[in-house]
1. Has region B:76-88 got at least one residue that is within 30 Å of B:Q362 (Cα to Cα) and of a type in the set (A, V, I, L, M)?
2. Among (1) in a loop (DSSP other than H, G, I, E, B); (2) touching a helix residue (DSSP H, G or I) at 6+ places or on another chain (Cβ under 6 Å), there is one condition A:P177 misses while meeting the rest; what is its number?
3. Are there any helices (runs of 4 or more DSSP H) wholly within region B:128-214 with 3 or more residues that are modelled with pLDDT of 95 or more and either surrounded by fewer than 23 Cβ atoms within 10 Å (Cβ to Cβ) or of a type in the set (D, E, K, R) (or both), and if so which?
4. Filter region A:201-241 down to the residues that are open to solvent by 50 Å² or more (accessible area, probe 1.4 Å) and either touching a Phe, Trp or Tyr at 6+ places or on another chain (Cβ under 7 Å) or among the aromatic types (F, W, Y) (or both) and list them by number.
5. Return yes when A:L225 is farther than 30 Å from B:K207 by Cα and touching a residue at least 40 places away in the same chain (Cβ under 8 Å) and no when it is not.
6. Could we say that A:T187 is open to solvent by less than 70 Å² (accessible area, probe 1.4 Å) and either at negative phi or modelled with pLDDT of 90 or more (or both) here?
7. Residues of region A:92-106 being open to solvent by 50 Å² or more (accessible area, probe 1.4 Å) and either more than 17 Å from the chain's Cα centre (by Cα) or under 30 Å from B:A94 (Cβ atoms) (or both), which ones?
8. Anything in region B:78-99 that is within 12 Å of chain A (Cβ to nearest Cβ), in a loop (DSSP other than H, G, I, E, B) and open to solvent by 50 Å² or more (accessible area, probe 1.4 Å)? List them, or say none.
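The values are calculated or read from the model by the stated rules, or taken from the named source; none is laboratory data. What you see is a predicted model, and the numbers here were worked out from it, not measured in a lab. In this analysis, Cβ positions are derived from the backbone assuming ideal geometry, glycine residues included, and neighbour counts consider all displayed protein chains. Ligands, DNA and RNA are stripped out before the accessible areas are found, and what is left, the full protein with its side chains, is counted by its heavy atoms. Shrake-Rupley method; radii C 1.70, N 1.55, O 1.52, S 1.80 Å.
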Amino acid sequence: MSSPRSSSLLAWPATSSSRARRPAASQEERRRTALKRKIKENLTAYGLLCAALVVFALFSWYPIVRGVLLSFQQVDFVNAPTWVGFDNFTKLFEDPLFGVAWRNTLLFTGLALVFGFAVPFLTAVLLNELRHAKAFFRLAVYLPVMLPPVVTALMWKWFYDPGPGLFNSALGAVGLPGGQWLDSSSTAMLSLVFVSTWANMGSTTLIYLAALGTIPGELYEAAELDGAGLWKRLRHVTFPQTRFVLLVLLLLQVVATMQVFTEPYVMTGGGPDDSTVTVLLLLYRYAFVYNDFGSASAMSLLLFVALGVFSAWYVRLTRKADQS
Amino acid sequence: MSSPWSRTATRRMFCLLAAGGLALTAAACGDGDTAAQSGGKVKITVTGQPPTSQPFERSVFDADVKEFEASHPNIQIEPHEGFMDPKTFSAKLAGGQLEDVYYVYFTDPAQIIARHQAADITEAAKSVPHVNDIKPELLDNFRDANGKLYGLPTMNYTMGLLYSRPLFQKAGLDPDKPPQTWDEVREAAKKISALGNGVVGYADYSKNNQGGWHLTGWLYSMGGDVARKDGDKWVADFANEKGKQALQYLHDMRWTDNSMGAKQLLEAQDVQRMMGAGQLGMYMAAPDNVPVLVKQFNGKYEDYGIAGMPGGQGTLLGGEGYMINPKASPEKVKAGLEWIQWKYLNPDRFEKHIQQYVDGKQPVGLPAEPTPDVWTGSVREQQLALKAKYANVPAKNFQSYVDTTSRIKGSIEPPNAQQIYAALDSVMQAVLTDQSANIDQQLSSASSKVNSVLAQVK
């Protein structure tokens, strides 16, 4: 320590602090050595993690980033993409179907929640109350989930057929007039919601059942001893105990139903009179019928943002509810 | 070191990963041009090979490839199965996987040209034999606003009225005198649907852009139009008396006469199924529907007839053709044009091609395959004479169609056709599914949608 600068530096702190620094420095050194050792020991794990990250980056994140970029570009896949700013969004807002698609999607989501949320929960409660043939009924409820969505849609298309379809034949057999189901703009959307609820309620019911299974039996016994009937047990035991699962499923269901595509694509093609054109169906048309990938990406970005905002708001709301 | 891999080994692993990624990207982007021209041969990839589920068509195609390669030793053909799939077209183009010679429907060239997704063949096509014998309106479908050519038509159809001869007979109608006006269609439909047992007199499409396509046919048949040029711009041209008249017919047949059945939102397959099952009297179609009905539903050619488009003031021309990849080298463009001309536009092979169909017990004499009606002048006469010579289906059942189509005006599909058809689908759906649909309001709403589509036409 011959240089005046270093000596002054060393001399500057008070003696007490320089005494305190010495062990701190060696502690840091020890920590650094431990970290190095840890990294060396886990090199294989990091290697594998990197490979996973590369795969994620290539197949999950890159397409998302590319999609966002595409929504501000015009592409013909021959020449370099050209930046068009918000032109794609403007085009969407000028499309008369754009508003219709959002309205229809929100209507589908609303109706799907009314049926798709309540029906599986009630089914799960009923299944949970069963004393016999539990496995059979669980399987029976889950069965529709095993059908491929397109098969489900085609099958229900026949059910709804206003001519020789199952529903109208059954109604006709008891002397009732048949309905137009998918062929009327006032009933088409509701008909699609039924199909979607029927096809998906199995999985939701099973999740509810699993949640119900975690409720300690003593709570019900105690409630029963206090003279609580079915409704009171539901209100004071079942709902509070399954609240978290209910909230998570609500979020998942909104996110899933806002992306409805198969049912309108296969069963109505968006008709009649555009009453079942959904956001995803319009997005599909932009991409694969009009070959306008810029506008299609812009539309998916809008949906992504809408769902993102909803999810954030929802998470905040539930956190607040938890705290209170 | 406690790690099982040395530092060098780890580095190597990362290098390999990176190299693998680069190789994947390169493979996805490369068009294989260097390999394609090895040994002095030009190798071209072509679409249009029929799937194996159509063994006859497939065998003819494969035999043609062999024959072409034998007579053109400098060209090698790599056939790819399938035709036009709009869902994968852009992805293939982006990934460098689009074939050198690719199939298109008449609805698509305008958009493809506007997006620079096809090679300019104006100069190269000048040396193609018989190119001047092709109907000019079909070639125009492959031209841009400056008259440059980007593809060649290889097949075309003209819309007419397909009908079931047995149902005509059952309903007391003369199958040799099919309806010539929409009033006559309406009357015939009433009589056919009166047969009961779920029989439908007349059916029409209203889903997946096919409703708009058929409404265009209706408009043309009444002397109307979908879009017209107003100076430099295209504008919608159907919110008028012609449009109203067409929709009123459909509305009245559906709701007043009840001759269109209760089930709507139909598309081609639904209607073909109804016709194949003997449950449908008539629908608007091109002659290429007849072999489909016969093959898929074990029907007989004798059971079907085609009349010219009712109304007689015009009809819709559609069809298909081939365009060339804009990334193809000049050698490939030249080879591609040779293939298209030799395989699809070759009067010297008319007789041989017809013979292939006769030997394969396929229909000859329909106003469709094996030699589509893309020709004009003496080549057309030559083709008609050969077809008549080898006809093995009752050609008289299609005579009314042939007579009418040569007399009435044929109009090709509007620009940005698929988008316009999507907008018009909802009009068809409204009229066919809502008895109290307001036709004026529907037309005006569709007109504003179509105008916004046409505003994008370059």
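1. Yes: region B:76-88 contains one or more residues that are within 30 Å of B:Q362 (Cα to Cα) and of a type in the set (A, V, I, L, M).
2. The one condition A:P177 does not meet is (2).
3. The helices (runs of 4 or more DSSP H) meeting that bar are B:165-170, B:182-193.
4. Passing the criteria: A:L206, A:W231, A:F239.
5. On the way: farther than 30 Å from B:K207 by Cα: yes; touching a residue at least 40 places away in the same chain (Cβ under 8 Å): no.
No.
6. Here the answer is yes, as A:T187 does meet what is asked.
7. Result: A:F93, A:E94, A:P96, A:R103.
8. The first filter runs over region B:78-99 and keeps only residues within 12 Å of chain A (Cβ to nearest Cβ), leaving B:84-98.
Next, only the ones that are in a loop (DSSP other than H, G, I, E, B) stay: B:84-85, B:95-98.
Listed by number, the residues that qualify are B:D85, B:Q97.
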